[in-house]
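The numbers here are math on the coordinates, done by the rules we state, and not lab data. These figures come from a predicted structure and were not determined experimentally. With ideal geometry, Cβ positions are generated from the backbone for all residues, glycine too; neighbour counts draw on all protein chains shown.
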Amino acid sequence: MNPKFRKLAPLVRIIFAPLRAIMRSFFPITYVKWQYRYLTRHRLNLKHPRRYTEKLQYLRLFVYPYDPEVSRCADRIRVRNYLIENGLEKYLIPSLGYVEQFQQIDIGALPNQFVLKCNHACAFNQVVLDKATLNSRLLKHKFKKWLKTDYGKRTIERHYSNIIPKILIEEYLGEGNTLPI
């Protein structure tokens, strides 16, 4: 990267961050084209997609938002029923239940180690390795923010917007205090 540009990068981010939010909301196709160009250095051809990544962007914009099965499979809770219906329950991580708000979680009834996940987004997870050291006030604030987030609007993956936000509680699969790979 050009050293002169590196110094300007934080300023550019500050200037363009609000613009990105406006672009995502009002001009999603233009934003996806810009994002694709920025990440891949190729123009996005949505009329005749040839590259695999172009086809994924086409699906993201024009197919997935209108297919209820995609929303069902993107929902971490509803996909469990889908897998059970198709005889694939052996691949499921054991669930300890789900709640609509963090306040509904009975921490005392949970095992010492568990995982909390939002069902409507990616990377909205909290691994609890020792519930004795759990800061429930901080976690409550984090999940309140996550549950309010419209992940579909934020990422232009609108099939996530059709999911009713909940918190999934799953068993911890790691050994000891190390995260599973």
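Structural remarks
- Label-point separation in nm, Arg41 to Tyr82, each point 7 Å along Cα→Cβ: 3.6 nm
- Ranked Arg51, Arg72, Arg41, criterion: other C-beta atoms within 10 Å, fewest first: Arg41, Arg51, Arg72
- Pairwise FRET efficiency - Gln126 versus Cys73, Cβ, R0 = 25 Å, nearest 0.05: 0.65
- Inverse mean reciprocal Cα-Cα distance (Kirkwood Rh) of the stretch 3-66, Å: 13.2 Å
- Projected label distance in nm at Arg137 and Leu11, using a 7 Å step from Cα toward the beta-carbon: 4.1 nm
- Stokes-Einstein, applied to the Kirkwood radius of the chain over Cα pairs at a viscosity of 1.306 mPa s and 10 °C, places its translational diffusion at 83 µm² s⁻¹.
- Electrostatic tally near Phe16: other residues with Cβ closer than 15 Å to its Cβ, Lys and Arg +1, Asp and Glu -1, net +4.
- Along its first, second and third principal axes, ordered by size, the stretch 34-135 spans 55, 34, 23 Å in Cα coordinates.
- Rel. contact order, % - alpha carbon contacts under 8 angstrom, at least six apart, the chain: 24 percent
- Sorted by Cβ density within 10 Å, fewest first, the residues Glu69, Glu54: Glu69, Glu54
- Choice from Arg154, Arg60, Arg37 with maximal GNM fluctuation in the chain (Cα, 10 Å cutoff): Arg37
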